[in-house]
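See below for the structure under consideration.
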Amino acid sequence: MQVPLEITYNHISQSDWIDEYIKERAEHLDSMCDNLISCRVTIERVQHSTYR
């Protein structure tokens, strides 16, 4: 993959299998789009409020 890939984790631990999955999907995207210049992915766990 020639496109720089940036993966960010917010409120969740980094995981190797998630990184690998994202890399596979980014490679597929790169093969489908000739003019792709970068790829940024953010993995975030939503914090639910307990207030009612």
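The values are calculated or read from the model by the stated rules, or taken from the named source; none is laboratory data. All values derive from a computational prediction rather than experimental measurement. As a convention, Cβ positions derive from the backbone with ideal geometry for all residues, glycine included, and neighbour counts pool all protein chains shown.
The residues of region 13-52 that are among the β-branched types (V, I, T), in contact (Cβ under 8 Å) with a residue 24 or more places away in the chain and surrounded by 11 or more Cβ atoms within 10 Å (Cβ to Cβ), listed by number, are I18, V41, I43. Restricting attention to region 1-22, the residues that are part of a loop (DSSP other than H, G, I, E, B) and farther than 19 Å from V46 by Cα total 4.
Among the residues of region 32-49, none qualifies, meaning not one is of a type in the set (S, T, Y), at pLDDT below 95 and not in a loop (DSSP other than H, G, I, E, B).
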